[in-house]
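To keep things clear, I will list the structure first and then write my remarks on it.
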Amino acid sequence: MSRKIFISYRRTDSADFTVALYNELRNFYEDDAVFKDINNIQPGQEFAEVLNAALDDSAVVLVIIGPTWLSESGPRLFKENDWVRMEIAQALERKLRVVPVLLNGTQMPKKSELPDVLQSLCDRQ
């Protein structure tokens, strides 16, 4: 079974926390066991192809939800070509362990605030 941890986040919402989390996780796991797009996608690689391969090799997906995730993501999450939407939707579809990580008192979004393909995120502990 894979040990890869995939980190899904919105740069404008939680980049600083996500960098710190990535670095901390790498202190405990092998270098290639933690996936964060900006650290693991090399110049010239096809973005979607690398994301799909990383999800295929993941045991858990951490969805970092900060204070502006929904307000900044809301309209974007309803667009099928939004990367955060695609990451979460694919993880849920593949029945991976998806863990919402709520930052700084952020509340879990309501199902009605998310597109249908992401609504089961609200049922995750």
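Some notes on this structure:
- Bins of 5 Å from zero: percent of alpha-carbon pairs in the chain: 2, 11, 22, 25, 22, 12, 5, 1
- Proximal charge balance of residue 33 [Cβ under 14 Å; K/R count +1, D/E count -1]: -1
- Per-residue 3J(HN,Hα) values for region 5-16, derived from phi via the Karplus relation 6.51 cos²θ - 1.76 cosθ + 1.60 with θ = phi - 60°, read 10, 9, 9, 9, 7, 9, 3, 5, 9, 8, 4, 4 Hz in sequence order (x marks Gly and Pro).
- Summarising the label geometry, the points placed 7 Å from Cα in the beta-carbon direction at residue 81 and residue 20 lie 3.5 nm from one another.
- Paramagnetic reach from residue 59 (point 7 Å along Cα→Cβ, amide N under 12 Å) across region 97-118: 97
- Sulfur and carbon atoms: percent of accessible area, the chain [1.4 Å]: 49
The values are calculated or read from the model by the stated rules, or taken from the named source; none is laboratory data. Here the structure is a predicted model, which is why all the values come from computation and not from measurement. Methodologically, a virtual Cβ is constructed for each residue, glycine included, from the backbone with ideal geometry; neighbour enumeration extends over all protein chains shown. The protein model used for the area step is the full one, side chains on, heavy atoms only, and it has no ligands, DNA or RNA in it. Shrake-Rupley method; radii C 1.70, N 1.55, O 1.52, S 1.80 Å.
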